[in-house]
Structure formats: C-alpha cells, structure tokens
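All remarks here apply to the structure that follows.
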C-alpha cells in the first residue's frame, strides 16, 4: 500500500523512541483543506479507531483512517534533512495537481474543499 524510505523509517523510529511510551505509531491521513483541496496529515498517535487500517513495519506501525485509504494508495514517504526546512515528504501517485509546497493536492476524481494556506 505505502512505501517508506530507509531514511524516513530511521527518523520515525528515532522519534518514537524519544517518546515515553511504546504505544505510539505513525498516523497518516488526508483531510479537506489546503490551497489545492486536500491536505496531508502525518503525526504520532497512540489511539486507534475501529475503522483504522494498521500496517506493520519492522520497527513501528503506520495507521491510516478508513476515509484516507483511497487517497494514499501507493504513496512514498521520505525524510529530507535540510536544515530548518527539512521534514517528511510524501510522493503521491494519486495526486493530479499539487501546490508548490507539496502539502496539499487533488486527485482526478476529488478536488476536496480548498482553503487558503497559512
């Protein structure tokens, strides 16, 4: 379903290790918003919902909420360490249009509800 680079997996493992609980996982999702219509959400969480899809990795778990699965099929998550502008990146084959910063997108079948970026 999704791919995570070795660099991103190492960073995720490091960040989870810095938390004081082994219950945390990486939650990836999509919601309406952003200048292109849909925005990515990537964060650490420790609460599962019944409809969540759980993907086990060697060192951690990735969780995707049911509504986001179709928009995230085939994504590639990477981590770029570029000083103050570094962070996780998402390459999404479903995105037919993305904003300049890459934080929001739209697909061929859903435009989302765009909002002005902060």
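For residue 70 and residue 91, what is the calculated FRET efficiency with R₀ set at 30 Å and r taken between the beta-carbons, to the nearest 0.05? That pair, residue 70 with residue 91, gives E of 0.95. A crude spin-label estimate for the pair residue 50 and residue 22, with each label 7 Å from Cα along the Cβ direction, gives 2.9 nm.
Computed from the C-beta positions of residue 6 and residue 43, the FRET efficiency with R₀ = 25 Å rounds to 0.75.
Note on residue 58 and residue 84: their simple-model spin labels are 3.6 nm apart, each label 7 Å out from Cα toward Cβ.
Readers should treat all values here as calculations from the given coordinates under stated rules, not as data from a laboratory. The structure presented is a predicted model; accordingly, all values stated were derived computationally and were not measured. Cβ coordinates were reconstructed from backbone atoms using ideal geometry, including for glycine residues, and neighbour counts include every protein chain displayed.
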